[in-house]
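Here is the structure we will look at.
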Amino acid sequence: MLGRIRAAEARVGRPPGSARLVAVTKGQTPEAIRASVLAHTALQPGGFPLGEGRAQELRDKATEMGTAELSSPEGSSLEWHYIGPLQLNKVKYMRPVSLIHALEDVRQAQALAEAGRKWGHAPDVLLQLHNGEAQKHGVHPPELARVYAEVVQTGLNVRGLMVMAPEGDAEASRRVFTDTARRAHDLGLPEISMGMSGDYEVAVEAGATLVRVGRSLFL
Ligand SMILES: *Cc1c(COP(=O)(O)O)cnc(C)c1O
């Protein structure tokens with residue numbers, strides 16, 4: 001997995017390690033996460049951020065396993081990312097999270113910023129870009145500049161863009177990834193979250209800085 005990421009970086013002349021692997025652990029037990037991810041922490045500088053897509057599950061696991069900020073029962077220092085759609089009534093579970101990957105409107109940003117003022121810190125965010133398919137989630141490209149400006153206004157730290165590739169078509173995925181990377185560069189944003197088990201190599205070639213891999217980690 002990491003070898004293939006390094007190879008994809010090298011193919012397009014990117015420095016090794018410029019794409020980080022986010023270990024998607026949704027649906028996995030803490031035991032499985034320890035065996036499949038935490039046992040291999042030394043393989044990536046800073047370890048692997050853990051990506052969760054369901055809010056209560058994230059809260060439960062972060063409580064049991066610990067976070068980078070709160071010391072954990074086992075003395076580990078875990079970084080949690082939330083990669084799922086953020087419902088307003090689940091914002092309260094985002095306290096352990098360092099990065100939200102899929103913010104898509106200003107109401108979510110306002111709720112998160114307000115919670116962050118209570119907590120003393122708010123997670124950083126990425127804006128999810130709509131991928132052009134009949135997909136429910138994401139900011140439509142013509143609205144990106146406006147939504148970006150509005151989210152910045154809330155005080156949240158917008159670090160980049162995230163996109164889901166269209167299903168099953170590598171060349172369509174490459175177009176979506178390349179377009180997303182260009183839009184992130186145009187906005188001066190450093191992080192680009194794209195690529196999953198089926199398409200992470202294409203995503204790295206197109207400039208992903210965070211790849212979100214789940215199934216392939218737990219084979
Ligand atoms: C589940 C999920 C992933 C990981 O997908 P795999 O195909 O298991 O690698 C990545 N991103 C998001 C948003 C997900 O929900």
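In table form, for the structure just shown:
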quantity: For the stretch 102-127 and the stretch 188-219, distance of Cα centres in Å; calculated: 23 Å
quantity: Highest-fluctuation residue, G13, G195, G66 considered, GNM on the chain with Cα pairs under 10 Å; calculated: G13
quantity: Within a Gaussian network of the chain (alpha carbon springs, distance under 10 Å), most fluctuating of A165, A145, A39; calculated: A39
quantity: Per DSSP, loop trypsin sites (Lys or Arg not before Pro) in the stretch 125-181 with at most 16 further Cβ within 10 Å; calculated: K136
quantity: Principal axes of the chain: Cα extent on each, largest first, Å; calculated: 44, 40, 29
quantity: Of L21, L38, L88, the one that fluctuates the most in a GNM where the chain has Cα springs shorter than 10 Å; calculated: L88
quantity: Long-range lysine pairs (8 or more apart or interchain), the chain, Cα under 17 Å; calculated: 6
quantity: Order of D179, D199 - criterion: other Cβ atoms within 10 Å of each residue's Cβ, fewest first; calculated: D179, D199
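Read-outs throughout are calculated quantities, based only on the coordinates presented, and are distinct from any laboratory measurement. Note that the structure is a prediction, hence the values are computed from the model and not measured. Cβ: placed from backbone, ideal geometry, glycine included. Neighbour counts: every protein chain shown.
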